[in-house]
Amino acid sequence: MKHSALCGGLLSTALIGLLGAPSLSGSVKDTRERLTLAATVMGEIMRAPDKGIPDEMLQAAHCVVVVPGMKKGAFIVSGQYGKGFVTCRRGGSWSSPAAIRVEGGGVGFQIGGSETDVVMLVMNERGATRLMSSQFTLGGEGEVAAGPVGRHASAETDGKFTAEILSWSRRRGVFAEVALKGATLRSDEGDNEDLYGKKLSTKEVIDAKMPIPPAGRPLIRLLSRNSPAEKK
């Protein structure tokens, strides 16, 4: 009987450890740490001397999406799963970051179980409007394209400006353009609740001018430093 009780107690402890507790030591802390990591990822990419997002592209972007540590196959068979954040230009500054989920689709190469950082720039108002919907899938012609790599956009890559969304990936320090077609982006109201105290959609976070949470300040400072100009 004692042996059964001990096993039951150990099993309960293990389950609690696997599932996590609904407190600051669980999901809220994870969300905040992920947001801080998003700033780290974006900062490392922007500091790359010759391999990175072209300055001209960031200056022209309406919104920035950062998904640190996107995974393949662990949650969705033959697809990807990631949790990240989006911020858009509003009133001459970058908005508070809204939490999003990215599911399914392909990133143009085999991740092979390792994690890949994904960055997307939304290049026009139509793309930003799509992003504000509760869920949309990247797909149609001209909607999403692999972004050019390098500190400056060349004449050969000027055509990329016609795409609504440009995407890049970084795996094991290697930064490259990548096509993210077929992926679904949707609001993560649970993570937004962790950051803002109530369930909010992407549009509600960005358009309501929510106060920037402490974990989001490094990302907003970084973007404001590298691309401070107001979008018309």
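Nothing in this text is a laboratory measurement; each read-out follows from the coordinates by a stated rule. Fair warning: this is a prediction, and the values are worked out from it, not measured in the lab.
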Fully extended, how many nm does the chain gain between Glu143 and Arg186 (0.36 nm per residue separation, minus their Cα-Cα distance)? 13.8 nm
Given the Cα-Cα distance of Arg47 and Thr162 and 0.36 nm per residue of separation, how much length would full extension add, in nm? 38.8 nm
